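Colleague: I have a structure here, written as structure tokens, and I will follow up with some questions on it.
Each reported figure results from applying straightforward, stated rules to the coordinates on display, with no laboratory input. This is a predicted model, so every value here is computed, not measured. A quick note on method: Cβ atoms are made from the backbone with ideal geometry, for glycine too, and the neighbour counts reach across all protein chains shown.
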Amino acid sequence: QVQLVESGGGLVQPGGSLRLSCVTSGFSFAIVDMAWYRQAPGKQRELVARITRGHSTNYADSVKGRFTISRDNPKNTVYLQINSLTPEDTAVYYCNAGIGSKNFWGQGTQVTVSS
């Protein structure tokens, strides 16, 4: 079955960096567009970054220039490099795969930005 497992979150000071990973299985990773979303307390889940199977990327305006999404097809893994973190980036970050008409999600990884 489809599985997405995120890791790499944690507590970081403002201005710091993290690299999130999402290891996937159960589907043909190389032909699926992948995305990272985040959900802050009391807010709706929002799209952060997307990478197509052709490696084209797009980002939310709030993270452009600070976040970088990438994928490693042989490893069935998608990454999110997050730099220059601010407290507003505090959220649970989720990996997403859109396969056919279905959306699949990981369990999320918590990112907390605080001094």
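Colleague: Within a Cβ distance under 13 Å of residue 10, other residues only, what is the Lys/Arg minus Asp/Glu net charge? Mind showing how you got there, number by number?
Modeller: Working: positive: 19; negative: 6, 89.
Result for the local shell: -1.
Colleague: Given 115, 42, 100, which one lies farthest toward the positive end of the charge dipole of the range 42-115, if we put +1 on the Cβ of every Lys and Arg and -1 on the Cβ of every Asp and Glu?
Modeller: 100
Colleague: Report relative contact order for the chain in percent, whole number only (criteria: Cα-Cα under 8 Å, sequence separation at least 6).
Modeller: 36
Colleague: Kindly rank 1-7, 38-44 from highest to lowest mean number of other beta carbons found within 10 Å of each residue.
Modeller: Highest to lowest by the protection proxy: 1-7, 38-44.
Colleague: Oh, and also: How big is the range 1-90 by Rg and Dmax over its Cα atoms, in Å?
Modeller: Expressed in Å, the Cα Rg and Dmax of the range 1-90 come to 13.2, 38.
Colleague: A further question on this structure: For the chain, set up a Gaussian network in which alpha carbons nearer than 10 Å are linked by springs, and say which option among 82, 31, 69 fluctuates the most.
Modeller: Looking only at 82, 31, 69, the biggest GNM fluctuation is shown by 31.
Colleague: Using the Cα centre of the chain as the reference point, and only Cβ charges (+1 on K/R, -1 on D/E), how large is the resulting charge dipole? Debye, rounded to the nearest 20.
Modeller: Here the chain has a charge dipole of around 160 debye.
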